[in-house]
Structures are given as C-alpha cells and as structure tokens.
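Participant: Dropping the structure in here first, questions after.
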C-alpha cells in the first residue's frame with residue numbers, strides 16, 4: 001500500500017511590519033552604542049587634558065620653587081652687610097625657560113611702619129584728593145595702632161557710626177589686602193595702591209634707588225621738578241646716604257637705605273609649546289650661617305635653620321607701572 005503523501009508544515013513568515021520593527025530596534029541599538037562610544041571618547045579626551053593640566057601645574061610649582069631656591073642661594077652667598085637690593089637671572093629646566101627677577105621689599109611702602117605723611121602722599125600721587133588721602137592715612141594709622149587702656153574707642157566708633165559691623169584690628173596689618181577693610185578705602189584706590197604696598201619690609205623708610213617713581217613721588221617734600229631731576233641722577237648714584245640726600249634735597253627724610261631680608265621674586269616661565277606662566281612670591285632670608293648648616297648636613301633641622309621661608313605666593317602675577325600724578329603736591 002502506498003504511503004500517503006506527507007506534507008511538511010511550512011514555517012510561519014514574519015510580516016513586513018514585524019521586520020520593520022526589528023530593523024528599527026537594531027538601528028536604535030547601533031545609535032546607542034555610537035553615543036556611548038562618543039561619550040567614552042570625550043571622557044578619555046577630557047581625562048587626558050586634565051592629567052596634562054595637572055602635570056603642567058606640578059611642573060610650574062617645581063620651577064617656581066627652583067627659582068626661589070636659586071634666589072635665596074645668590075643672596076645668602078653675598079656679603080651679609082651688603083645684600084644686593086635687586087637682580088635677575090635666567091635658567092632652563094626640561095622644556096621651560098625661567099626669567100627670575102628679585103627686588104628688596106624696601107622698595108615698597110610698608111602699611112605697618114610708614115608715616116602718615118608718606119601714606120597720604122602715596123594715595124595723593126595715585127589720584128586721591130588731598131583731603132581724602134589724609135583721612136585714609138589717618139584711618140590706616142588708627143587700624144594698626146593698639147588701643148590704650150582707658151581709651152574711649154573713638155576709632156571703633158567711627159566704623160560703627162558708618163554702618164560697618166566690625167571695628168579696626170588695632171594691630172599690624174596681616175596682609176596688604178586687609179586695606180580693603182579700612183574705613184574710606186575705595187576699591188579703585190586700593191587696586192592702584194597694592195603694587196606699591198607691603199607688610200614685609202618692617203621699615204618706615206624706602207630704598208629710593210630701587211623704588212618705583214610713584215613711591216618716590218610720595219616722599220614728603222617731593223615736587224615734580226625734584227622728582228624729574230632725581231630720576232635722571234638715580235642710575236649713576238652710589239649706595240651712599242650722603243649722595244642720595246644731596247640728590248633728593250628736601251625730600252630726603254624718609255629716604256634712607258633700609259636693610260631688609262624680605263625679597264619679592266617674580267618668575268616668568270615660557271614653555272617650548274608657547275605656554276606662559278608667571279608667579280610672584282615674597283621670601284624672608286635666613287642667615288648665611290643657617291644656609292651653610294643646611295648645606296653641610298642632610299639631617300633634620302629646626303625652622304630657624306631654614307635658608308629662607310615663603311611669606312606669600314601668588315600665581316599669574318601682573319606687573320606694570322601707572323602714570324605718576326603729582327596731584328596738588
């Protein structure tokens with residue numbers, strides 16, 4: 001008997017709508033994978049850039065530290081009684097070149113020790129009128145002067161009556177930026193004055209052989225004519241008090257040659273890839289004897305044995321000088 005014809009069952013075929021859904025799903029998966037790949041690529045790029053920035057920052061810090069070390073070394077190797085008031089040098093390390101300039105802090109007006117007349121003169125030179133300059137100088141002296149037992153607190157009362165919720169420190173300025181808290185100090189005037197102020201020289205006098213023209217113009221008794229004549233003579237003047245006094249004439253009183261062990265160090269860096277950076281630091285020298293001790297032994301040493309200490313550090317320091325004004329003086 002012949003076997004009956006066996007028909008193989010046919011497989012169900014997907015409809016066109018089902019095929020379209022599958023294609024769309026696959027496309028969405030590909031788009032998602034592409035987006036993830038893009039995000040991952042961006043993440044890697046940003047991470048590499050961040051690591052590069054961090055590496056550059058570490059390199060900048062190392063170069064600035066090296067410039068401070070070299071500055072301290074040069075100064076401490078000089079005669080203890082005849083430290084250079086300023087100087088400059090260059091050095092190269094890895095892929096960067098550094099230009100280092102250092103200047104004694106005696107070139108600036110010290111907020112804690114300068115006379116009221118010197119402070120008022122500086123503010124007047126920088127654009128304040130005579131009355132406002134004098135009042136601000138009074139407030140600075142009041143801020144830095146300790147209160148006396150039994151005093152009636154007139155200085156603090158001025159701040160309270162002006163609507164301020166604090167009183168003057170009545171102690172030395174800790175930083176030049178503290179000037180912004182002094183009653184009557186406008187932000188514009190502070191910005192102009194900061195390049196000529198310090199709290200590190202510890203001297204009431206300024207070194208006129210290296211001071212900016214604005215500081216020399218602020219000397220009590222200085223006139224535009226005297227200033228012009230002195231600036232012409234200054235490059236040839238020796239570091240001799242009598243010669244300087246003769247050149248200054250009536251403005252000689254606060255213009256000695258003060259000795260300070262605080263120096264401002266400006267480091268300008270230029271990398272081979274064109275990147276530039278600058279930093280400004282103030283260092284306080286130890287003694288030459290301490291430096292010799294430190295170099296003679298690798299053992300731990302006390303704070304007093306350090307060849308120098310860093311008093312301040314500011315990255316991307318701006319430099320420049322403004323026109324000198326002899327307002328009403």
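Participant: Whether any residue in the stretch 237-250 is modelled with pLDDT of 90 or more and within 25 Å of residue 145 (Cβ to Cβ) is what I want to check.
Facilitator: The answer is no, given that none of the residues of the stretch 237-250 is modelled with pLDDT of 90 or more and within 25 Å of residue 145 (Cβ to Cβ).
Participant: Identify, from the list 180, 167, the residue that is more than 17 Å from the chain's Cα centre (by Cα), over 21 Å from residue 265 (Cβ atoms), free of Cβ contacts under 8 Å to residues at least 60 places away in the same chain and in the same structural domain as residue 141 (by TED's automatic domain parsing).
Facilitator: Every option except 167 fails the conditions.
Participant: May I ask you to verify whether residue 136 is modelled with pLDDT of 95 or more and closer than 28 Å to residue 84 by Cβ?
Facilitator: For residue 136, the condition - modelled with pLDDT of 95 or more and closer than 28 Å to residue 84 by Cβ - is not met.
Participant: Moving on to the next point. Restricting to the stretch 76-116, give me the number of residues that are in contact with a helix residue (DSSP H, G or I) (Cβ under 9 Å, 6 or more places away or on another chain) and in a helix (DSSP H, G or I).
Facilitator: Total satisfying the criteria: 3.
The values are calculated or read from the model by the stated rules, or taken from the named source; none is laboratory data. Please read all numbers here as calculations on a predicted model, not as lab measurements. Counting neighbours? That spans all protein chains shown, and the Cβs are built from the backbone with ideal geometry, glycine included.
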